[in-house]
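Note sheet for the following structure.
No value in this document is a laboratory result; all are computed from the given coordinates. A quick note: this is a predicted structure, and the numbers were derived from the prediction, not measured. Virtual Cβ from ideal backbone geometry, glycine too; neighbours counted across all protein chains shown.
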Amino acid sequence: MDEGGGRGEEITGKLQRGNAMVVFAAVAFAAVCLGFVVYNKKKTARKFEKAEQELYRKKIERDSLTGLLNKEGFYLRGKEFLEKHPKEQASIVFINVENFKLINDLYGVRSGDRFLQYLAMVIRELCRDSKALCCRYEADHFVTLTLESLGEMKGALKTKQFKAYFQPKYDMQNDQIIGAEALVRWEHPQKGTISPGVFITVFEKNGFIGRLDIYIYVETCAFLKRCRDDGIPLYPISNILL
């Protein structure tokens, strides 16, 4: 009996210790799960708070008609933009629709608004592949802030992305061509044809315009030589009209 009783007590003790370990493991697991839930809850709350702040910021920084930055948003984002790229040169391009009031007067405010929305879409598309900030500054005035990449410009010259075009001058009285004006377009491999109105302001500011002028002069001379070699009559070509 004593031996049996001792064995029974031993078994009972082991069971009690086993139960205690199970309880401890369960409590520990519950604590870990609770901690994980609390952590995830706080993390999710921070994400929601950050998203709400970003949504509010966009709301107060965006022009309600065009979706572009408004004046306040442009100042704020522009400051952050320049601080993020301290070693880069930047240019501001100002775009104004001349006599825009006539559109509203002739076709109504709704048509004027649709025109501004279309113009904003064009500006956004032109700046899509760049680091530009686009803004409807006020009314029919738009502004873009662009980084200037001399490396890209030099590469464009080297690979002949700038193309010379020649616009004929026609004498209506004598009914004949009397000359031409040299024009330039940037045929960008990713962005397509870029109008001089987009890049000339930047080139004038950073001094690259002189290199472009010389490049177009050379292209013009090569064009005249080809005309002469092919027996095509030569006409005077005026200075570059950008």
Margin query: Run the count for segment 150-238, please: Lys pairs, Cα-Cα under 18 angstrom, 8 or more apart or on different chains.
Written below: 7
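Say R0 is 22 Å: what FRET efficiency, to the nearest 0.05, do N99 and Q167 get from their beta-carbon distance? Present the calculation step by step, with values, prior to reporting the outcome.
Details: r = 25 Å, r/R0 = 1.13.
Here the calculated transfer efficiency is 0.30.
So, in segment 60-148, how many Lys pairs have Cα atoms under 23 Å apart, if the pair is 8 or more places apart or on different chains?
Values: K71/K79; K71/K84; K71/K101; K71/K131; K79/K87; K79/K131; K84/K131; K87/K131.
Qualifying lysine pairs in segment 60-148: 8.
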Notebook entry, point to check: When only Cα pairs under 8 Å and 6 or more residues apart are kept, what is the percent relative contact order across segment 54-209?
Noted result: 20
Item checked: Charged-residue dipole, Cβ positions (Lys, Arg, Asp, Glu), segment 174-221 about Cα centre, Debye nearest 20 -> 300
Notebook entry, point to check: Using 7 Å Cα-to-Cβ label points, what is the E138/D230 separation (nm, one decimal)?
Noted result: 5.3
